[in-house]
Structures are given as structure tokens and as C-alpha cells.
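Notes follow the structure.
Read the figures in this text as sums done on the coordinates, not as results from a lab. Fair warning: this is a prediction, and the values are worked out from it, not measured in the lab. Ideal geometry is used to build each Cβ from the backbone, glycine not excepted, and the neighbour counts take in all protein chains shown.
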Amino acid sequence: MKRVITYGTYDLLHYGHINLLQRARALGDYLIVVLSTDEFNWNMKHKKCYFSYEKRRQMLEALRCVDLVIPEETWEQKIEDVKLYKADVFVMGDDWEGKFDFLKDYCEVVYLPRTPEISTTQIKTELGK
Ligand code: C2G
């Protein structure tokens, strides 16, 4: 079984996220999404999520292409996660191009093209939030 792992906030889940998750899942047989906790988002990413971790997790777990959702609490947990969950492929959108190449010592690293015209920030802006 080829195991794929990816990370994100996935707030205000939209089709750009879905495009990424479906392509990530298609690279293997099992997709693990490491979902940023509310604390990690606030303290480390300075992002205030609209939906709580539990709601964001619920939405991701409802997707056919997602097999497991676990919490992302630190920037530094990726190597341990890849080892612990025996991930064969690490996938991120190419806005992160090159940022996680250190994982190449542990698994394949793939950066996929982002869906250009949609973002959570844009949705919030257009809704006046
Ligand atoms: N994404 C995409 N197209 C978009 C928006 C997002 O392909 N229009 C991808 C991102 O590149 C990322 C994933 O969807 O791979 C999740 O996006 P975010 O929730 O914005 O994740 P981010 O805040 O970048 O968190 O440790 C890594 C971080 O947790 C990544």
C-alpha cells in the first residue's frame, strides 16, 4: 500500500483544496491529512480559522479521498510523522515549492500546482470578513 501524506489548514474548504487532495490521493492508495490545530494556526501561522479544528476535521473525513486526519501542532513534526505513518510520498501545493525538500531523505516529495484562482483569503475578502 502506497501511503501519501499532506499538511494544511483547510479552512473554508474549497475546490482548490479538493483538487489538491484528490491529486495527492491519486499518487497512492491511502491519504493522510495532517490538519493544523487552532493553536498552531494562531500561534505559528498567525491565521485565525473560521472553522474550528473539529469542524475542519469533520469536513475532511467526509471526503472519499481522505483516509486519515491527524493534528499538526508544530512545524517540526513532519519527519516523525513520515516515519510513524510510513508515508511513501509527501505532497504539498507548489506555493511550498522547495520548502520541504529535507523530507527527500525519508520519502518522495511532490509539489503539485495550486488551483490559481481560489483561496480562503480571497473568499473571506469577497465576503467582507
Ligand atoms: N492549495 C491549492 N490550491 C489552492 C489553495 C490551496 O492547491 N487554491 C493547497 C495548498 O498548496 C496546500 C493545501 O491546499 O497544499 C492546503 O492549503 P492551506 O490550508 O492554505 O495550507 P497551508 O496554510 O499552506 O498549511 O506545514 C504545512 C502547512 O500546514 C500548510
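Numbers below:
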quantity: For the chain, calculated [θ]222 nm from helices alone, where every DSSP H run of n ≥ 4 adds -39500 (n - 2.57); calculated: -8500 deg cm²/dmol
quantity: Karplus-derived HN-Hα couplings along the stretch 30-41 (A = 6.51, B = -1.76, C = 1.60, θ = phi - 60°), whole Hz, x at Gly and Pro; calculated: 8, 10, 9, 10, 9, 9, 4, 6, 4, 5, 4, 4
quantity: Shape metrics for the chain, restricted to C-alpha atoms - Rg then Dmax, Å; calculated: 14.0, 44
quantity: Highest-first arrangement of 105-118, 1-14, where packing means the average Cβ count within 10 Å; calculated: 1-14, 105-118
quantity: Ordering of 71-78, 55-62, 26-33 by packing [mean C-beta count within 10 Å, highest first]; calculated: 26-33, 55-62, 71-78
quantity: Rough spin-label spacing in nm, given labels placed 7 Å along Cα→Cβ, for residue 105 and residue 76; calculated: 1.5
quantity: The stretch 18-99: relative contact order as a whole-number percent, Cα under 8 Å and 6+ apart; calculated: 36
quantity: Residues listed by number, the stretch 44-63, amide nitrogen under 17 Å from residue 127 label point at 7 Å toward C-beta; calculated: 47-60
quantity: Estimated translational D of the stretch 63-129 in µm²/s (Stokes, Kirkwood radius over Cα pairs; 25 °C; 0.890 mPa s); calculated: 174
